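The values are calculated or read from the model by the stated rules, or taken from the named source; none is laboratory data. These numbers come from a predicted model, not from an experiment. Cβ atoms come from the backbone with ideal geometry, glycine included; neighbour counts cover every protein chain shown. Just the protein is used for accessible areas: all its heavy atoms, side chains included, with ligands, DNA and RNA removed. Shrake-Rupley method; radii C 1.70, N 1.55, O 1.52, S 1.80 Å.
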Amino acid sequence: MPQGNRYNVQAIMGNRVRYCVPSFYQRAYVWTLEKQWADLWEDIRRKAAELLLARDKEVADPSVRQKIANHFMGAFVVNAVTAYGFYPPRKDVIDGQQRLTTVQLLLHAFQHVAARRFGAGDQTVLELQTLTHNSNATDEHEFKVWPTEADQNLLLKLMSAESKEAVFAKLGIEPSKSGKFQKSTGLDGAYFYFHDEISDFLEKDEAGNPLDDQVSRRRAYALYEVIAQRMDLVMIELDDNDDPQVIFEALNGRGTPLLPSDLIKNHVFERLRPLCPDQNPMPLYKQYWSHFDTLDDEAEENEQGEPQKFWKVEVRQGRLTRPRIDLFLFHYLQYKDGQEVLISELFREFKEWWVGQPNGNLQAATGNLADIQDHSAIFQTFLTATGGDSVKDRLWHLRSIDTSTIYPVLLFLFAEAEKPSGKVGSTALPQLLADIESFLVRRQICGLTGKNYNNIFMKLLADLRKMEIVDATAIGRLLAAGDGPTNSFPKDDEFRRAWVSRAIYAPSLSTFINMLLAAINEHMRTDAQEQAKIKYDGLWVEHVMPQKWKQHWQLADPGGEHHKDPGSGIPVSNQQWRDRMVNTMGNLTLLTSKLNARISNGPYENADEDSDKRREYRKHAILRITHEISSKEGWDEAAIVRRAEDMFEHAVQIWRYPEA
């Protein structure tokens, strides 16, 4: 059974030791300012203040200092690994690396502040050095904590620097005039945060006034005592009979916020350990899995301008957001297994599927890992394609429709197209994608339910797998066979009625509508001089007649019933008809930027103002779909219907009904 004992930081870090975090056990460093650092520092600062007060009272009551309780940081789990020669003893961290790494960054920042304040030879500085660096050791063996591969390069730069200024230089950061650098995430963010907080604690009083050296040194001693001697962790050490992976799953797989992909990674590589030379699966991890955990050169930035790892970025899946790697593994598993999977059960379902795969030898296991890697590259294309050719255009369109149930089918199509003798020819791929897109667009425009899409596309995947050759018309034939409201492929007459008269606009569909308008605009651009590339995902969907039309768009006889509801045939009032028509395709267009509210909600033409809608639309020559509106002398329900009919002539060619 695992044995747990409580130790302070000095006991855990004071001897020569290395706490190594296998990349297949744990994710990269994820603690942040908002969720962990600020609370931890506040606990430390409060405990140091309590200790300073106790020292003042110690003369009168020697026991007052002993009455101060230690701060408990939690537990961590390690598995001892044999180390040979002069290398420090090594322990693999099965759980708790976030705590250990944070403590190291805290101690290192403290050492830099103390060295600047008291000199590099000060006893406090030297004692802190022994808690972060191993003596008589080089390279990564010098550091007490060695993180996952994704964080190793950054930690090396931080922990090998001898001052904050050296950290700035190693990271290529230009500090502000105050000498501070604020970042709320990452190893570097933690270092800079603790450095600044410790500096303020040692150099300023509560009012911001400078402290003299004596008071500063008293504070440093108190801070050292709190961090090194009064911060406790329970270290749980596994013995030879304990399975590290089972322990890991028991600690993290039942209710704590580890990603399913983290648990999958740990399970896969721990099960491969006995097959690997020296029982070390790290080379396999680096070759086939590490791309999921690393920051690439073209990383996206979050709202704070900080780079994000591509596969860790959260995207929407239904009503929830999930990291991209979880979504990939979810769709990959459905594609490979041919069965629906609950994303909430992803780890369990993947584990059961993996057991059934041929992993009995290293060659077979390597083949399975290579297959995951190859399909992840295909899936990344689905998430990043922005147009440019017949395939990328369709991928961008499909992503805008936001129907993720198609991804297992897409993985099959692209994987087969890449094989030298696959079932899908590369020339067939554009038409296959076009038929999926047409099916989804037509159903969305017609207001038909998507609740059966899981079944539709899993059946489609099964039918495609049965074919010897998937020709260009295969998907169109299969989807056109649907004959009910949950699976029908709307024909041209149904598509036309809905396109012209159905109120389609809703804020939740703005990305989809943007794509529809962009596709039509591209179809309208036939002149050679018009072929400059337009970045459509940055454009704004605009109502020509505004939704708030009553102030500037007069309506004669609002209560009169001159129109019938296209679906029910029941007469509707003129006001009801207008409220419907403002949200139909014929009244929607694209702008390069949002109009101010005065113009957007104003009339089509306004001679008393310096601008109006018609004049604004004339400025959009590159957007044919918008510029042509400005040629109309007026804008009303009849104009909306006429424009919708004109747009439909393009739509019916872009989103065709499958040929018989």
Dipole of the chain [Lys/Arg +1, Asp/Glu -1 at C-beta], most positive-end residue of Gln287, Tyr19, Gly387: Gly387
Portion, in percent, of the accessible area of the chain that falls on carbon or sulfur, probe 1.4 Å: 48
10 Å beta-carbon shell around Asp196, net charge (K/R +1, D/E -1): 0
The chain - accessible surface per residue (Å², probe 1.4 Å): 48
Ile599 - accessible surface, heavy atoms, 1.4 Å probe, Å² rounded to 10: 20
Dipole magnitude of the range 80-128 about its Cα centre (Cβ charges: Lys, Arg +1; Asp, Glu -1), debye to nearest 20: 80
Hz values of 3J(HN,Hα) by residue in the range 384-390 - Karplus curve (6.51, -1.76, 1.60), Gly and Pro given as x: 10, 4, 10, x, x, 8, 5
Across Lys419/Lys535; Lys419/Lys466; Lys57/Lys180; Lys286/Lys392; Lys312/Lys392; Lys183/Lys535, pairs whose alpha-carbon gap is larger than 26 Å: Lys419/Lys535; Lys57/Lys180; Lys286/Lys392; Lys183/Lys535
Among beta bridges that DSSP assigns inside the chain, antiparallel share in %, nearest 5: 70
Given charges at beta-carbon only (K, R positive; D, E negative), |dipole| of the chain in Debye: 520
Proximal charge balance of Gly172 [Cβ under 12 Å; K/R count +1, D/E count -1]: 0
Ranked order, His563, His133 - accessible area, probe 1.4 Å, largest first: His563, His133
Signed unit charges on C-beta, dipole axis of the chain, positive-most listed residue Trp31, Asn5, Ile640: Ile640
Relative contact order (%) - criterion: Cα under 8 Å, at least six apart; region: the chain: 11
Trp146 accessible area, assembled protein chains, probe 1.4 Å, Å²: 40
Angle in degrees between helix 492-501 and the longest Cα principal axis of the chain, rounded to the nearest 10: 80
Residue (of Gln576, Gln551, Leu539) at the positive-pole extreme of the range 537-599, dipole from beta-carbon charges: Gln551
Cα-centre dipole for the range 278-379 with unit charges at Cβ (Lys and Arg positive, Asp and Glu negative), debye to 20: 340
